[in-house]
Amino acid sequence: MLDFRYHALSLVAVFLALAIGIVLGVTIGDSLVSDAERSLRGNLRADVEKAHVDVSEARTELNGRDRMLDQLYPQLVASRLGGERVALVSWGRLPNNIESGVRDAVSKGGGRLDSISQFDTPLTTLKRALGNGVFAEETADDESLKALGRSLARAIVAGGPMVKSLESSFPDNFAGRFRRADAVAFYEAPKPDDGSDGQGVKEREDDRARTIETAMIDELTKHTIAVVGVEATNTEASQIPRYKSLQLSSSDSVDKSGGRIALVYALAGAKGSFGFKSTADQPLPDEALVP
């Protein structure tokens, strides 16, 4: 009987020790997890607060830079264009901030905005202006498309029957003198990715439109001082790489004073990709920094 009681007490002691160990282990484990969680939360909170401070400081620096350029802008560009006539051409819908930015730069630079040409939907625009028969004939193959692009360029620079047809069909999109453009500010709208059916047809249409556009740009560069690609600070899909492929100088922020300074100098002949985005060669042309 004694042995049995001894063994029973021993078993009770063992189970009691296990229970106490489990309780202590859970308690200590919970404590360690809680400490780690609190430490992690504290570190994350500190990182977020530092990020907010960094963003605030960066924004302050940018605002300071923009205010300085706002003050320098009129003096740096005054009379730089010397009466130069500038045509604004948009391949796609022309945003208001692009138009107003180019207008302001040309005006403050001492130039004149000769004309605005907005090819909202290029092939549809040309088809309606030229008529189905002529359009079909002039877009029959690559050579015909290139010839049409060259004709458009000459019309934009010097006017003629083609411009009159465009003005008549789209009075809100084509306006101005179309007499003698010395330089061109060119905007290409980012291509929408609508994910719609009929992608094969759309791609072929885009290819045809691009052939016309490339030939038009090439011809414009032969008849003007400069063709300068432009976009705004907040343009989601930057077109600067496209302008580079066309061998155009560019300004990536014509909605800001810095971008307008760059545009004026580029229209006067400065070469390069200017602005504050990663695609820029430098913020401003060297000519703007020379006293």
*All but one of (1) in contact with a Phe, Trp or Tyr (Cβ under 8 Å, 6 or more places away or on another chain); (2) open to solvent by 30 Å² or more (accessible area, probe 1.4 Å) hold for Ala189, so report the exception by its number.*
(2)
*Could you look through region 128-152, keep only residues that are among the small types (Gly, Ala, Ser) and modelled with pLDDT under 90, and pick out the one that is surrounded by the fewest Cβ atoms within 10 Å (Cβ to Cβ)?*
Gly133
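Going by the structure shown, is Glu203 among the acidic types (Asp, Glu) and part of a helix (DSSP H, G or I)?
So Glu203 passes the test.
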*Tyr243 is checked against (1) among the aromatic types (Phe, Trp, Tyr); (2) closer than 23 Å to Arg93 by Cβ; (3) touching a helix residue (DSSP H, G or I) at 6+ places or on another chain (Cβ under 6 Å) and fails just one. What number does that condition carry?*
(3)
_Looking only at region 209-268, count every residue that is of a type outside the set (Val, Ile, Thr), at pLDDT 95 or above, assigned to a helix (DSSP H, G or I) and surrounded by 19 or more Cβ atoms within 10 Å (Cβ to Cβ) and tell me the total._
16
*Go over the candidates Phe178, Phe119 one by one and state the one that is hydrophobic (A, V, I, L, M, F, W, C), on the phi > 0 side of the Ramachandran plot and in contact with a strand residue (DSSP E or B) (Cβ under 7 Å, 6 or more places away or on another chain).*
Phe178
*asked:* Restricting to region 92-116, name every residue that is open to solvent by 20 Å² or more (accessible area, probe 1.4 Å), under 18 Å from Val77 (Cα atoms) and out of contact with any strand residue (DSSP E or B) (no Cβ under 8 Å at 6 or more places or on another chain).
replied: Ser100, Asp104, Lys108, Gly110
*asked:* So for region 214-223 (the condition being under 13 Å from the mean Cα position of the chain (by Cα) and closer than 19 Å to Ile98 by Cα), does at least one residue qualify?
replied: no
*Determine whether region 128-137 contains at least one residue that is more than 22 Å from the chain's Cα centre (by Cα) and closer than 30 Å to Gly83 by Cβ.*
no
_Out of the residues in region 153-164 meeting the condition of being surrounded by fewer than 20 Cβ atoms within 10 Å (Cβ to Cβ) and of a type in the set (Gly, Ala, Ser), tell me which one is farthest from Pro95 (Cα to Cα)._
Gly160
*In region 90-110, is there at least one residue being touching a helix residue (DSSP H, G or I) at 6+ places or on another chain (Cβ under 6 Å), under 23 Å from Thr233 (Cα atoms) and part of a strand (DSSP E or B)?*
yes
*Go through region 65-89 residue by residue and tally those that are open to solvent by less than 70 Å² (accessible area, probe 1.4 Å) and either among the aromatic types (Phe, Trp, Tyr) or outside any helix (DSSP H, G or I) (or both).*
11
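Could you pull out the residue among Phe178, Phe119 that is surrounded by 17 or more Cβ atoms within 10 Å (Cβ to Cβ), in contact with a Ser or Thr (Cβ under 9 Å, 6 or more places away or on another chain) and within 17 Å of His223 (Cα to Cα)?
The match here is Phe178.
The values are calculated or read from the model by the stated rules, or taken from the named source; none is laboratory data. As the structure is a prediction and not an experimental result, all values here were calculated from the model. Methodologically, a virtual Cβ is constructed for each residue, glycine included, from the backbone with ideal geometry; neighbour enumeration extends over all protein chains shown. Accessible surface is based on the protein model in full, side chains and every heavy atom, while ligands, DNA and RNA are left aside. Shrake-Rupley method; radii C 1.70, N 1.55, O 1.52, S 1.80 Å.
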